[in-house]
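Read through the structure below, which is laid out as structure tokens, and then see the notes.
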Amino acid sequence: YYLGGQELMMKTIKENFGLDVDHVITIDFKGFVQVVDTIAPEGIEVEVTQDMVEDMNFAVEPGMRKLHGEELLKYVRFRHDAESDFGRVKRQQEVIVKVREQLSEQILSVQQFADLPKLVENITQYVESDLTMPEMLALAAKVFFFQIDEIETMTIPVENGFENKTYEHAGAVLQLDYQKNVEALNNFFNKPKAVNN
């Protein structure tokens, strides 16, 4: 992404994993803070550890805490524990799910649904996407009309799908088992969806 933006990122995912990316939404740190505070003005509740307090200069005590934009950004960026980058990815996924839940709660009433275009417009000023405003509104409306009971996530590389390697020209890297990771991605995206009766 750093070298070629959304276009190169989509091409890289296609060439490495055989996946077509239909659309992309990106957000920078400042935008993350603004979007979180717009969607969840009361904050998002997460588990803050003592390591996070010390490493990220949190102004809160360890434990379950409601964090707002700036503090929540520190939370999702923290990676100085035993899980390193993998823990950071888990926290990012956790926050995405909780922000989605907050958005759903905001648009449950008819009046709030009527305010949906304004909410989407407020959010989109902080993100970059190849989606048009009508497409974003249509996606947001799906949250209103179709209840989403569960969001599934996965992380690449998958467990036992890589080795820690060190190369003189590149330093420490995760050497992927591409076959195992491609299979996991295909299984994730192509598994049958549960049908509610």
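The values are calculated or read from the model by the stated rules, or taken from the named source; none is laboratory data. Predicted model, so just to flag it, every value in this text is computed and none were measured. Cβ: placed from backbone, ideal geometry, glycine included. Neighbour counts: every protein chain shown. Just the protein is used for accessible areas: all its heavy atoms, side chains included, with ligands, DNA and RNA removed. Shrake-Rupley method; radii C 1.70, N 1.55, O 1.52, S 1.80 Å.
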With the checklist (1) touching a helix residue (DSSP H, G or I) at 6+ places or on another chain (Cβ under 9 Å); (2) at pLDDT 85 or above; (3) within 27 Å of GLN34 (Cβ to Cβ) in hand, flag the one item ASN122 doesn't pass. (2)
Here is a list of conditions, (1) surrounded by 11 or more Cβ atoms within 10 Å (Cβ to Cβ); (2) without any contact (Cβ under 8 Å) to a residue 40 or more places away in the chain, and GLU168 meets all of them except one; can you say which number that is? (1)
Complete set of residues in the range 140-197 that are modelled with pLDDT of 90 or more, among the acidic types (Asp, Glu) and more than 21 Å from VAL89 (Cβ to Cβ): GLU168
Hits in the range 79-102 - residues which are among the small types (Gly, Ala, Ser) and open to solvent by 60 Å² or more (accessible area, probe 1.4 Å): ALA82
Would you mention how many residues in the range 1-44 are surrounded by 12 or more Cβ atoms within 10 Å (Cβ to Cβ), over 17 Å from the mean Cα position of the chain (by Cα) and not aromatic (Phe, Trp, Tyr)? 7
Looking only at the range 49-77, which residues are hydrophobic (A, V, I, L, M, F, W, C) and under 17 Å from VAL89 (Cα atoms)? MET52, MET56, LEU72, LEU73, VAL76
Scanning the range 24-53 for residues that are out of contact with any Gly (no Cβ under 7 Å at 6 or more places or on another chain), among the charged types (D, E, K, R) and in a helix (DSSP H, G or I), which turns out farthest from LYS11 (Cα to Cα)? ASP51
What are the pairs, 6+ residues apart or on separate chains, where a residue within the range 23-36 that is closer than 15 Å to ILE96 by Cβ has its Cβ under 6 Å from a residue that is part of a strand (DSSP E or B)? ILE25/VAL127; ILE25/SER129; THR26/GLU128; ILE27/VAL127; GLY31/VAL127
So which of MET56, MET64 ends up being more than 16 Å from the chain's Cα centre (by Cα), at negative phi, free of Cβ contacts under 8 Å to residues at least 60 places away in the same chain and surrounded by 14 or more Cβ atoms within 10 Å (Cβ to Cβ)? MET56
All positions within the range 118-133 that are open to solvent by less than 30 Å² (accessible area, probe 1.4 Å) and not in a helix (DSSP H, G or I): LEU131
Restricted to the range 179-193 and to residues being in a helix (DSSP H, G or I) and open to solvent by 100 Å² or more (accessible area, probe 1.4 Å), the residue nearest to GLU152 (Cα to Cα) is PHE189
For the range 54-69, name all the residues that are within 11 Å of GLY43 (Cβ to Cβ) and not in a strand (DSSP E or B). VAL60, HIS68, GLY69
Looking at this structure, is VAL76 open to solvent by less than 80 Å² (accessible area, probe 1.4 Å), over 26 Å from PHE188 (Cβ atoms) and either assigned to a helix (DSSP H, G or I) or at pLDDT below 90 (or both)? no
